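Student: Below is one structure. I have some questions about it.
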Amino acid sequence: MKIALIIENSQAAKSSLVHESLTAVAQPLGHEVFHYGMYTPEDKASLTYVMNGLLTGILLNSGAADFVVTGCGTGMGSMLAANAMPGVFCGLVIDPTDAFLFGQINDGNAISMPYSKGFGWAAELNLQDVYAKLFDGERGLGYPRERAAIMKTNRGILKDLKAASCRDMLTVLKTVDQDLLKATVAGEKFAEYFYANCKDEAIAAYLREVTA
């Protein structure tokens, strides 16, 4: 699985800690991690929590990533922005229990975490435990297990509801503020990671046109 990490500007100083915690868990499980920034508070390309959401939509809808790990100070803003995108089902995850239940019940494709609120001593241990609960083993099995079938049915209903209420991603890209879009994909490694992994030629072509 291709996992994308997105860090916004207020939490950029913690970027290395989050990235190291994620890779320490995900890579031994056979997953690939792509860090789309921010990398430091001094990065030329700055991401807000709104941009986190837009970038999450781009990566998931294009197939460049299978799962997105993002967040902000409380995790709320990035979660709301991500869930505004078509095809994105982002959960607010604070601890390993949240991660386990989100993976088993909701089986979404993105999480948003708080990297300021409650982020203190041994925070990296909580991060690693969260990622272990999320990425080790099969997701979507249900909890409790006897409710697995109804949970799967409800996920399908939610997916259909999302499709009915959202525009497709290419339309979003063409109608969103173009300066916001350009800033969102201006990260140092965006082009390197995205175009090598993107599976949607129409999205790739439009982003190349916008950033030309």
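Student: Taking DSSP loops as anything outside H, G, I, E and B, show the longest stretch in the chain free of GluC sites (Glu not before Pro) there with at most 10 other beta carbons within 10 Å.
Tutor: Working: sites that count: Glu42, Glu138.
In the chain, the maximal stretch lacking such sites is 43-137.
Student: From Cα coordinates alone, what are the radius of gyration and Dmax values for the stretch 18-94 in angstrom?
Tutor: For the stretch 18-94, the Cα-based Rg and Dmax read 12.5, 33 Å.
Student: So how do 78-90, 153-165 stack up, highest first, on mean other-Cβ count within 10 Å? It would help to have the intermediate numbers written out before the result.
Tutor: Details: 78-90: 22.5, 153-165: 11.2.
With the highest mean Cβ count within 10 Å placed first, the list reads 78-90, 153-165.
Student: Please report the spacing between the Cα centers of the stretch 134-212 and the stretch 33-96 in Å, no decimals.
Tutor: So the separation of the two Cα centres works out to 10 Å.
Student: Ignoring any ligand, DNA or RNA, what whole percent of the accessible area of the chain comes from carbon and sulfur when the probe is 1.4 angstrom?
Tutor: 54
Student: Taking a quarter of the surface of the Cα convex hull of the stretch 83-146, what do you get in nm²?
Tutor: About 4.9 nm², averaged over all directions.
Student: Something else about it: Please list 3J(HN,Hα) in residue order for the stretch 110-120, calculated via the Karplus relation 6.51 cos²θ - 1.76 cosθ + 1.60 where θ = phi - 60°; whole Hz, with x for glycine and proline.
Tutor: After applying 6.51 cos²θ - 1.76 cosθ + 1.60, I find 7, 10, 10, 10, x, 10, 10, 4, x, 9, x Hz.
Student: Would you mind getting me the FRET efficiency between Ala24 and Glu138? Use the beta-carbon distance for r and R0 = 35 Å, nearest 0.05.
Tutor: 0.95
Student: Hey, another quick one. Within the stretch 60-100, list the residues whose amide N lies under 17 Å from a label point set 7 Å along Cα→Cβ of Leu180.
Tutor: 77-88
Student: Here's another thing I want to ask about it. Starting from the Cα-Cα distance between Thr40 and Leu17, subtract it from 0.36 nm times their residue separation and give me the gain in nm to one decimal.
Tutor: Extra length from Thr40 to Leu17 when fully extended: 7.2 nm.
Student: Whole-Hz Karplus ³J(HN,Hα) for the stretch 175-181, in order, using 6.51 cos²θ - 1.76 cosθ + 1.60 and θ = phi - 60°, x for Gly and Pro?
Tutor: Each residue's phi maps through the Karplus curve to give 9, 5, 3, 5, 5, 4, 4 Hz.
Student: While we're here: Assuming 0.890 mPa s and 25 °C, estimate D for the stretch 170-212 with Stokes-Einstein, Rh taken as the Kirkwood radius over Cα pairs, in µm²/s.
Tutor: After rounding, the answer is 230 µm²/s.
Student: Could you run the Karplus curve 6.51 cos²θ - 1.76 cosθ + 1.60 with θ = phi - 60° over the stretch 137-142 and give me ³J(HN,Hα) per residue in whole Hz, x for Gly and Pro?
Tutor: x, 7, 9, x, 7, x
Student: Scan around Phe34 for amide H atoms under 5 Å from its own, H built in the peptide plane at 1.01 Å from N, and keep only partners 5 or more places away or cross-chain.
Tutor: Ile3, Ala4, Leu5
Student: How big is the C-alpha Rg of the stretch 1-160 next to the rule-of-thumb value 2.2 N^0.38 Å, as a ratio? Spell out each step's value before the answer.
Tutor: Values: Rg = 14.8 Å, N = 160, 2.2 N^0.38 = 15.1 Å.
It is 0.98.
Student: Per residue, how much accessible area does the stretch 6-123 have with a 1.4 Å probe, in Å²?
Tutor: 37
Student: Within the stretch 26-134, list the trypsin sites (Lys or Arg not before Pro) lying in a DSSP loop whose Cβ has at most 14 other Cβ atoms in a 10 Å radius.
Tutor: Qualifying residues, ordered by number: Lys44, Lys117.
Student: Report the residues of the stretch 124-154 in range of a label on Leu101: point 7 Å along Cα→C-beta, backbone N strictly under 13 Å from it.
Tutor: Counting only backbone N, you get 143-144.
Student: Give, as a single signed number, the net charge of other residues whose beta carbon lies under 12 Å from the beta carbon of Ile203, with Lys and Arg counted +1 and Asp and Glu -1. Numbers along the way, then the final one.
Tutor: On the way: positive: Lys174, Lys199, Arg208; negative: Asp168, Asp200, Glu201, Glu209.
So the surrounding residues net to -1.
Student: Further, regarding this structure: Report relative contact order for the chain in percent, whole number only (criteria: Cα-Cα under 8 Å, sequence separation at least 6).
Tutor: It comes to 24 percent, rounded to a whole number.
The values are calculated or read from the model by the stated rules, or taken from the named source; none is laboratory data. None of these values were measured; they are calculated from a predicted model. Glycine gets a Cβ as well: all are built from the backbone with ideal geometry, and neighbour counts include every protein chain shown. Protein only, heavy atoms only, side chains kept; ligands, DNA and RNA dropped before computing areas. Shrake-Rupley method; radii C 1.70, N 1.55, O 1.52, S 1.80 Å.
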